[in-house]
Amino acid sequence: MKLLCEGLDLSNAIIKVIKAISAKTPNDILECIKLTAKGDYLTLLATDTEIAIEKTIRAEVLEEGETLVPGKLFNELVKKLEDEQIELTVEGTNLKVRYGDSEGFIQTKDLEEYPVINKDIKDNSFTMSQKDFNELINMTAFSCSQDDGRPILKGCKIEVDETSVVCVALDGFRLAVCKKELAHSTGKFSAIVPSRTLIEITRLLEREDETVTVVIQKNMLMVEVASTVLVSRLLEGEYLNYKQIIPNAFLSVIRVSKNQMLSSIERAAIVARGMKNLVKFDIKEGNLNISASSELGKVDENLLINLEGKDLVIAFNSKYLTDILRAVNDDFVYMYFNSSISPCVIKSYQGDQYLYLLLPIRINA
């Protein structure tokens, strides 16, 4: 293998694919990047067997071929050569990196041990705007579980029909649901996608006015954006029937400025760290009192609200609330309650664009 390419193009490609490299693995092969020179292109591939990212760049290929190099080392070297034209040549068990009048060598690895990535994925697909896809994931994925003991909840459930897609995430304390319209769909299907995969897809999307197509087949997913291909395994198992846990009737509803409530909770959260992030709501006619106290101090604030229904005292984990409020784009939020020990629901007032369910923290009111 021998080729010439621009250092900046190569560096940007490495940054894209290296996100698929396993941070902790006993198999050092999975810490590598595969380089393939063919035609007028250089293709870089990295995988941890759960997710794979492939990026193709233009190159002057003098000899076709492929090799395998340690990803972290290759990234650190090329990052220092972004202003150079780089010549890559495989010489025996080394990759020679030539730039200007200088050169360096990187020990290569055995290609035969590297996993084969299947890109023949085509059964089901949906297409939507990149802007809507970003919002779909940003409004839900933060609610996925981080607990390895419940691996199915580390993913989002994607439900697709002929016209729309619904993304669902939950971790046992909160539930997030977001719905977006589709430009195209092959029909009705669903899949459970690791949240890490969805977040990496959003990082590939750079043009909000263009579309992205997600292809799903059995236990695999594939996305191709601007000469970058991402392939991921799907999670398998039974996902919780989330619709059963959403109340359909409420005793109290408040309407409150999102930004004012977010700022107030963020201030209360500063002292709430000493009390497991507990922030208390005291809801009365026309007023929402937000308070937190601990050995660190005390915060007590009042916000104007519209209340329909009964007065209520309820408490939440401040982090869970701020995560939700930062994801919502509306000027006002509507919060629905039944009691101090029942889940609170936050949803769009008109339509079904999003819904959040949050479990309260029991307190002595």
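The values are calculated or read from the model by the stated rules, or taken from the named source; none is laboratory data. Model, not experiment: these values are computed from the prediction. Cβ placement follows ideal geometry from the backbone for every residue including glycine, while neighbour counts extend to all protein chains displayed. Remember, those area values only see protein heavy atoms, side chains included, never the ligands or the DNA or RNA. Shrake-Rupley method; radii C 1.70, N 1.55, O 1.52, S 1.80 Å.
Miscellaneous remarks
- Thr163 meets each of the listed conditions (1) more than 13 Å from the chain's Cα centre (by Cα); (2) at pLDDT 95 or above; (3) within 17 Å of Ser232 (Cβ to Cβ) apart from (3).
- The set of residues from the range 163-210 being closer than 30 Å to Ser342 by Cα, in contact (Cβ under 8 Å) with a residue 24 or more places away in the chain and aliphatic (A, V, I, L, M) comprises Val165, Val168, Ala169, Leu170, Leu175, Ala176, Val177, Ala191, Ile192, Val193.
- Verdict on Asn12 being in contact with an Asp or Glu (Cβ under 9 Å, 6 or more places away or on another chain) and over 21 Å from Glu60 (Cα atoms): no
- Every residue from the range 163-184 that is touching a Phe, Trp or Tyr at 6+ places or on another chain (Cβ under 8 Å) and in a strand (DSSP E or B): Val165, Val168, Ala169, Leu170, Arg174, Leu175, Ala176, Val177, Cys178, Lys179, Lys180, His184
- For the range 338-365, taking the residues that are touching a residue at least 60 places away in the same chain (Cβ under 8 Å) and part of a strand (DSSP E or B), the one that is surrounded by the most Cβ atoms within 10 Å (Cβ to Cβ) is identified as Tyr356.
- Residue list for the range 45-73, filter: within 26 Å of the chain's Cα centre (by Cα) and closer than 20 Å to Ser227 by Cβ: Leu45, Ala46, Thr47, Ile51, Ala52, Ile53, Glu54, Lys55, Thr56, Ile57, Gly71
- Test result for Leu288, in contact with a strand residue (DSSP E or B) (Cβ under 8 Å, 6 or more places away or on another chain), more than 30 Å from Ala141 (Cβ to Cβ) and aliphatic (A, V, I, L, M): no
- The lone criterion from (1) open to solvent by less than 10 Å² (accessible area, probe 1.4 Å); (2) closer than 18 Å to Arg203 by Cα; (3) among the hydrophobic types (A, V, I, L, M, F, W, C) left unmet by Ile33 is number (2).
- Condition check for Ser294: free of Cβ contacts under 8 Å to residues at least 12 places away in the same chain and open to solvent by less than 80 Å² (accessible area, probe 1.4 Å): no
- In the range 301-337, of all residues being farther than 14 Å from Lys284 by Cβ and basic (Lys, Arg), the one that is least open to solvent (accessible area, probe 1.4 Å) corresponds to Lys319.
- Residue within the range 221-236 that is of a type in the set (Asp, Glu) and without any contact (Cβ under 8 Å) to a residue 12 or more places away in the chain present: yes
- Check on Met275, open to solvent by 50 Å² or more (accessible area, probe 1.4 Å) and touching a residue at least 12 places away in the same chain (Cβ under 8 Å): yes
- Single match in Thr25, Thr49, Thr43 (criterion: free of Cβ contacts under 8 Å to residues at least 24 places away in the same chain and part of a loop (DSSP other than H, G, I, E, B)): Thr25
- Taking first residues from the range 238-259 that are in contact (Cβ under 8 Å) with a residue 12 or more places away in the chain and within 17 Å of Leu307 (Cβ to Cβ) and partners that are of a type in the set (Ser, Thr, Tyr) and outside any loop (DSSP other than H, G, I, E, B), the Cβ contacts under 6 Å between residues at least 6 apart in sequence or on separate chains come to Phe250/Tyr336; Val253/Tyr336; Arg255/Tyr334.
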